[in-house]
Amino acid sequence: MDRASLAAFLKSHRWAVASTVAHNGMPQAAVIGVAATDSLELVFDTLATTRKAANLRANPHIALVIGGLDGEERTVQYEGVADFPAGAELEELKRVYFAAFPDGIARLRWPGILYVRVKPRWLRVSDFNADPPVILEFPFAGGI
């Protein structure tokens, strides 16, 4: 799987399970809606009062699993570093997010809505639909 195929896979999946780490070191997970960029970054919205937002402010490391729903045997394990972009970067990421989630525009009115960008650090693609299964790892030393 090349980078373009990986980006297409991420873009074709709107839901992920995200795991962050709380201040006490305990893991916390949530199902989130995600949109992907061509550079394999992910973006999602959340409220500033959520556990995931607080966790990511204190520790920006996040792990996600994308795919594997409804009997699909292809997944991407995605480890990355999150930030809260602003300005022109945020506007471009919101464009990507609203293309995947048009209903997100209505959430702009919500108090405390914010957008999280995740930059990849390590990805593993697992395709158990293939025989033999295909498992590929993509490290991103120093970012994209």
>> If I ask for residues that are among the aromatic types (Phe, Trp, Tyr) and open to solvent by 40 Å² or more (accessible area, probe 1.4 Å), which ones from the range 1-53 would you list?
In response: Trp15
> Which of the residues spanning the range 64-83 are within 12 Å of Ser19 (Cβ to Cβ) and open to solvent by 40 Å² or more (accessible area, probe 1.4 Å)?
Replying inline: Val65, Gln77, Glu79
>> Could you check the range 68-84 and list, in sequence order, the residues that are small (Gly, Ala, Ser) and modelled with pLDDT under 95?
In response: Gly68, Gly71
> In the range 94-120, which residue that is in contact with an Asp or Glu (Cβ under 8 Å, 6 or more places away or on another chain) and assigned to a helix (DSSP H, G or I) is most open to solvent (accessible area, probe 1.4 Å)?
Replying inline: Arg107
> Identify, please: which residue in the range 1-38 is of a type in the set (Val, Ile, Thr) and in a loop (DSSP other than H, G, I, E, B) and is, among those, nearest to Gly67 (Cα to Cα)?
Replying inline: Val34
> Restricting attention to the range 115-130, does a residue exist that is of a type outside the set (Phe, Trp, Tyr), over 28 Å from Pro27 (Cβ atoms) and more than 13 Å from the chain's Cα centre (by Cα)?
Replying inline: yes
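The values are calculated or read from the model by the stated rules, or taken from the named source; none is laboratory data. Note that the structure is predicted; figures quoted are calculated from it, not measured. In this analysis, Cβ positions are derived from the backbone assuming ideal geometry, glycine residues included, and neighbour counts consider all displayed protein chains. Keep in mind that these areas ignore ligands, DNA and RNA; they rest on the heavy atoms of the full protein, side chains included. Shrake-Rupley method; radii C 1.70, N 1.55, O 1.52, S 1.80 Å.
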